[in-house]
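Participant: Shown below is the structure under consideration.
Rule-based calculations on the coordinates, nothing more; no lab input. Keep in mind it's a predicted model, so treat the numbers as computed, not measured. Cβ: placed from backbone, ideal geometry, glycine included. Neighbour counts: every protein chain shown.
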Amino acid sequence: MKLVIGLLCLSLGAVEVVKEADAKALSAIVSFLASDSLEGRETPSAGQTIAADYIASEFRRTGLKASFQDAKVSVRRVVRDGFDVSLSDGSKSVKVPVDTAFWTAGPKVELSGAAVKVVKMAELRELKTEGIEPVVIIEGPGGPGLQQAVMKLSTAGVKVVILVGIPMPLPIQTLEFDDQPKMGLVMLRTSNADAEAMLKSGGALKLTAKIAMATASNDVARNVIGILPGSDPKLKDEYVLLTAHYDHLGIRPMNEGDKVYNGANDNASGVASIIESARLIGQLPVAPKRSIMFVAFFGEERGLLGSRYFVRHPLVPLAKIVANINLEQTGRTDSSEGPNVGQVNLTGYHFSTIHKHLEEAGKATALKVVKHEKFSDPYFNASDNAAFAQVGVPSTTMSVTYAFPDYHQLGDEWEKIDYANMAKVTRAIAQGAYLAADAAERIVWNADEPKTKAYREAAEKLLQAK
Ligand SMILES: [Zn+2]
């Protein structure tokens, strides 16, 4: 009987299993990407550009055709010198001391006695913006949709938005892309009691402001692309995307001692896993039916910027992308919840049929593919796979740990990674990507899962347009 089954398998084309991954190669890749020399791979930065060149050269080593997808980006940084802001209610005026002020990087501001409008956060959505005052005070409590509402005010010509009772978004720098509307205003907040009292007074206010800004235009941030062509004449035009972000948080020059956010586990590890996966799949006697596109994204830490850019400018039609398997944190096993050895997690575990291929891959390579009951679904939108889901492409993010010590800290260093375990995980990932790309059936969203409704609708649109 065994013999018969064996012969049957042969005649149908036996399922290939990738070889074991090379733990030393993984540590070599991670230790370079996470070295202090690359200065934490901030988007955009010289360190990140070197990382991109290195990843492209590693793609070539494994036999992939490598290229870059360049996004033109301008960077605005807050300048604290010269900040001069005061409010007046007609009878008295209050200065906002610079050491009590936080503001976002936008265009520079020069206003003298500008009119102020007060709105509540809850009224923003319905607000008529025609002929609106140059300064808008938004009263909290905050909520979702702030960024969108502020963009609407910016388009309407508002120069300054002052937040009262709403936490401040990231003030350090703003990245602006050529293909996206630019933010035309500065968001400001103060913790000064006198200024806050006047902001809340409800009287007719005027704002006088001088806020400088540093702008570096025409920088480039790049996604790194590697392609392994499929073997089936029809299906090779379809793609499985195996992806990982390669950016991290950069350096903090004001820190004493260690200044570099090395981002070894987050996410040099994921990048090393896609490079090694490319090598393992490339060694198989026959390539999978579909092509596999390997992508290292910029800008994940700043809001999925690289994956969103890719989706706005897809290198192949989005309808031809059957799945995105994204990797994060494939290295460390010392999860904050205890050791995570011999297993890998998926986000949105039952959102699509991807998990079937990954489970099969786990069986073939002796690795447990598990659903984290608490984090699997909530983390679905926390990484680059979300950009693909939103346009309808089935996706997931695979990782060994979710929370781990040193997450987004200076201590996320390459020595702390469990490379023996990472090799096992990487082998399973490679096998899973191979199976997904080689499957007769296309991966689909799970119609029985209510959380996938929006993704299913997007997928329907996408495939109709095809
Ligand atoms: Zn990450």
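Participant: Using 0.36 nm per residue of separation minus the Cα-Cα distance, give me the extension gain between residue 403 and residue 214 in nm, one decimal.
Facilitator: Length difference between fully extended and current span is 64.6 nm.
Participant: Given R₀ = 56 Å, what would the calculated FRET efficiency be for residue 366 paired with residue 453, taking r from the Cβ atoms and rounding to 0.05?
Facilitator: On the way: r = 36 Å, r/R0 = 0.64.
Taking R0 as 56 Å, the efficiency between residue 366 and residue 453 is 0.95.
Participant: Residues in the stretch 86-122 near a label at residue 194, defined as backbone nitrogen under 15 Å from the 7 Å Cα→Cβ point?
Facilitator: Under 15 Å, as judged by backbone N against the label point of residue 194, lie 86-101 of the stretch 86-122.
Participant: Going by Cα centres, the stretch 139-194 and the stretch 223-290 are how many Å apart?
Facilitator: Going from one Cα centre to the other spans 34 Å.
Participant: Where the centroid of each part is defined by its Cα atoms, how far is the stretch 50-80 from the stretch 371-439 in Å?
Facilitator: 21
Participant: Pairs of Cα atoms under 8 Å, at least six residues apart: use those to get the relative contact order of the chain, whole percent.
Facilitator: 20
Participant: Please enumerate, by chain and number, the lysines with C-alpha under 17 Å from the C-alpha of residue 461, excluding those fewer than 8 residues away in the same chain.
Facilitator: The qualifying lysines are 320, 453.
Participant: With r defined as the distance between the Cβ atoms of residue 252 and residue 67 and R0 fixed at 41 Å, what FRET efficiency is calculated, to the nearest 0.05?
Facilitator: Numbers: r = 33 Å, r/R0 = 0.80.
According to the calculation, E is roughly 0.80.
Participant: Are there any GluC sites (Glu not before Pro) in the stretch 345-427 that are in a DSSP loop and have at most 11 other Cβ atoms within 10 Å? List them by number. Kindly include the intermediate steps, with their values, before the conclusion.
Facilitator: Working: sites: 359, 360, 373, 413, 415; in loops: 373, 413.
Answer in residue order: 373.
Participant: Take every DSSP beta bridge whose two residues both sit in the chain, then give the antiparallel share in percent to the nearest 5.
Facilitator: On the way: 46 of 79 bridges.
Looking only at bridges with both residues in the chain, the antiparallel portion is about 60 percent.
Participant: Ranking 103, 414 by Cβ neighbours within 10 Å, fewest first, what do you get?
Facilitator: Ascending number of Cβ neighbours within 10 Å: 414, 103.
Participant: Further question: Taking the convex hull of the Cα atoms, report for the stretch 118-171 its projected area averaged over all directions, in nm².
Facilitator: Average projection, Cα convex hull of the stretch 118-171: 3.4 nm².
Participant: Under 16 Å Cα to Cα from residue 92, which lysines show up? Leave out anything in the same chain fewer than 8 places away.
Facilitator: Here the lysines satisfying the reach criterion relative to residue 92 are 200, 206.
Participant: Assuming 1.002 mPa s and 20 °C, estimate D for the stretch 83-211 with Stokes-Einstein, Rh taken as the Kirkwood radius over Cα pairs, in µm²/s.
Facilitator: 145
Participant: With the radius of gyration and the Kirkwood radius both derived from the Cα set of the stretch 378-466, what is their ratio Rg to Rh?
Facilitator: Taking Rg over the Kirkwood Rh, I get 1.06.
Participant: Sort the following peptides by mean Cβ neighbour count (other Cβ atoms within 10 Å, averaged over residues), highest first: 213-222, 159-168, 90-99.
Facilitator: Details: 213-222: 15.9, 159-168: 19.7, 90-99: 13.5.
Packing proxy ranking, top to bottom: 159-168, 213-222, 90-99.
Participant: I'd like to compare 391-401, 377-387: which one has the highest average count of other Cβ atoms within 10 Å, and what's the full order after that?
Facilitator: Top of the packing list down: 391-401, 377-387.
Participant: Another question, then. Identify the trypsin sites (Lys or Arg not before Pro) of the stretch 318-399 meeting these criteria: DSSP loop state and at most 15 other C-beta atoms within 10 Å of the C-beta.
Facilitator: 371, 374
Participant: With r defined as the distance between the Cβ atoms of residue 461 and residue 99 and R0 fixed at 45 Å, what FRET efficiency is calculated, to the nearest 0.05?
Facilitator: Values: r = 50 Å, r/R0 = 1.12.
After rounding to 0.05, the efficiency reads 0.35.
Participant: Kindly give Rg over Rh for the chain, based on alpha-carbon atoms, with the Kirkwood expression for the hydrodynamic radius.
Facilitator: Numbers: Rg = 25.0 Å, Rh = 24.0 Å.
Radius of gyration over Kirkwood radius for the chain works out to 1.04.
Participant: Here is a further query. Excluding residues on the same chain fewer than 8 positions from residue 416, give the aspartates and glutamates whose Cα lies under 17 Å from its Cα.
Facilitator: 36, 258, 266, 328, 334, 337, 406
Participant: Here's a follow-up. Quick check on the chain: helices-only [θ] at 222 nm, where DSSP H runs of length 4 and up contribute -39,500 (n - 2.57) each and the sum goes over total residues. Nearest 500, please.
Facilitator: Only helices count here, giving -8500 deg cm²/dmol.
Participant: Take the residue pairs 234/368; 72/210; 72/108; 24/65; 65/182 and return only those whose Cα atoms are more than 26 Å apart.
Facilitator: Beyond 26 Å between Cα atoms: 234/368; 72/210; 65/182.
Participant: Take every DSSP beta bridge with both residues inside the stretch 83-211 and express the antiparallel ones as a percent of the total, to the nearest 5.
Facilitator: Around 55 percent of the beta bridges assigned by DSSP in the stretch 83-211 are antiparallel ones.
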